[in-house]
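See structure below.
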Amino acid sequence: MQFKIDENLPIEAARLLAQAGHEAKTVHEQQLVGRPDDQVAAVCHDEGRALVTIDLDFADIRAYPPEDYAGLVVLRPRVQVKHHILDLVRQTLPLLDLELLRGRLWIVSESGVRIRQATSSEEEP
């Protein structure tokens, strides 16, 4: 899979994904630091990359409908310190082989993962 690592995450998150066989580019690498969320989301959409972030704005399915993206992963660490964030990334890695991410919003916390997707009434015929 291809991922975009938001500016609010440690760069090591990209390394963890790469070590697991995924391609991960950071917002820093692409000079997107400080850009509005909608611009970052548009780049992810255009590149077909799933976004990994701790920015709760991306959990708003009205503003960022999951079906419009290769996937949205919102990490919810108990404490926003580097090792807690990286632990959540590690927790997510095995799920990438088990669960579909494309078109879904994953909210990942220490207690588990909640997955949101379009319901049948929200999907196009």
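Pairs needed: first member in the stretch 84-101, in contact (Cβ under 8 Å) with a residue 24 or more places away in the chain; second member anywhere, in a helix (DSSP H, G or I) and open to solvent by less than 20 Å² (accessible area, probe 1.4 Å); C-beta distance under 8 Å; at least 6 residues apart or different chains. Within 8 Å, the pairs are I85/A13; L86/A13; V89/A13; V89/L17; L93/L17.
Of the strands (runs of 3 or more DSSP E) entirely within the stretch 25-125, those holding at least 2 residues that are surrounded by 17 or more Cβ atoms within 10 Å (Cβ to Cβ) and under 12 Å from the mean Cα position of the chain (by Cα) occupy 50-53, 72-76, 104-109.
Out of curiosity, is R15 closer than 18 Å to I115 by Cβ, out of contact with any Pro (no Cβ under 7 Å at 6 or more places or on another chain) and either buried (at least 17 other Cβ atoms within 10 Å of the Cβ) or of a type outside the set (S, T, Y) (or both)? So R15 does not fit the description; no.
The values are calculated or read from the model by the stated rules, or taken from the named source; none is laboratory data. On a predicted model such as this, the values are computed, not experimentally measured, just so you know. Cβ: placed from backbone, ideal geometry, glycine included. Neighbour counts: every protein chain shown. Areas reflect the complete protein model, heavy atoms only, side chains present, ligands, DNA and RNA absent. Shrake-Rupley method; radii C 1.70, N 1.55, O 1.52, S 1.80 Å.
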